[in-house]
Amino acid sequence: MHAHTSTQSGSFPARWHIVSLIIIGGLLLTLQSAAAQLRIGDAVDPEEVLEEELRAPYYAVEDGGPKRAQRPIVDRIPMRGVMDRGGSALVDVIYTRRTGQILTDMDGHALYATDRDTAYGVSSLSGEALKQWRPLTVSKDLRTYGLWGKAWNEALQVWVLTMADKPLYTFVGDKEPGVANGVGNGWYTMEVIS
């Protein structure tokens, strides 16, 4: 009996050693694969990295657990994301010294997003806020792609164009193109990087 026990305990470390080698081998293969995809000295395209980040779904933890939501702030967007079909015909990108390169409507008025919009697929503005902020409305049939999408505004019963899940609005205080007087108090423009 004693010999049997010592043989069993002797084989356990050998099995553990084999399992350890298999795990380490798997990790090395994974690291080698990752290294083959990105080598030191490879150029990293910040626009591509940002686009991948914004395409990934965002979740927030609520009472019932994780739920799809809007990112709190999306103040930088990639130019290639703007150029995707399904929204690019409704917006423009302008550059001024005062605002930098930002997303605008076709008349050159700054488009804004707000941290007040948090629920996925919802433009939450209503009442008094809609007197100052005008949603960029679209038809329910608009097909969107890439970072473009639509959100429903219950108060106005309209669809609102979104960029990276954030509904887009113009500010009535912007009387001329190329200004962004509405920045602040949770409202921001979207800088377009290229």
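The values are calculated or read from the model by the stated rules, or taken from the named source; none is laboratory data. Here the structure is a predicted model, which means the values were calculated and not measured. Virtual Cβ from ideal backbone geometry, glycine too; neighbours counted across all protein chains shown.
Taken over the range 71-117, residues that are out of contact with any strand residue (DSSP E or B) (no Cβ under 6 Å at 6 or more places or on another chain) and among the polar types (S, T, N, Q) amount to 3. Evaluate the range 97-105: report whether one residue or more is free of Cβ contacts under 8 Å to residues at least 12 places away in the same chain and either in the same structural domain as Leu50 (by TED's automatic domain parsing) or not small (Gly, Ala, Ser) (or both). Yes, the range 97-105 has at least one match. Selection over the range 133-144 of residues that are modelled with pLDDT under 90 and closer than 12 Å to Met163 by Cβ gives a count of 1. Residues in the range 50-104 that are part of a helix (DSSP H, G or I), closer than 11 Å to Met163 by Cβ and at pLDDT below 80: Gly81, Val82, Ser88. In the range 35-60, the residues that are assigned by TED's automatic domain parsing to the domain that holds Ile73 and within 22 Å of Tyr120 (Cα to Cα) form Cβ pairs under 8 Å with partners that are among the charged types (D, E, K, R) and at pLDDT below 75, at six or more places apart or across chains, as follows: Glu51/Arg80.
Return yes when Gly108 is in the same structural domain as Gln70 (by TED's automatic domain parsing), assigned to a loop (DSSP other than H, G, I, E, B) and at pLDDT 85 or above and no when it is not. Considered against the rule, which asks whether it is in the same structural domain as Gln70 (by TED's automatic domain parsing), assigned to a loop (DSSP other than H, G, I, E, B) and at pLDDT 85 or above, Gly108 comes out as yes.
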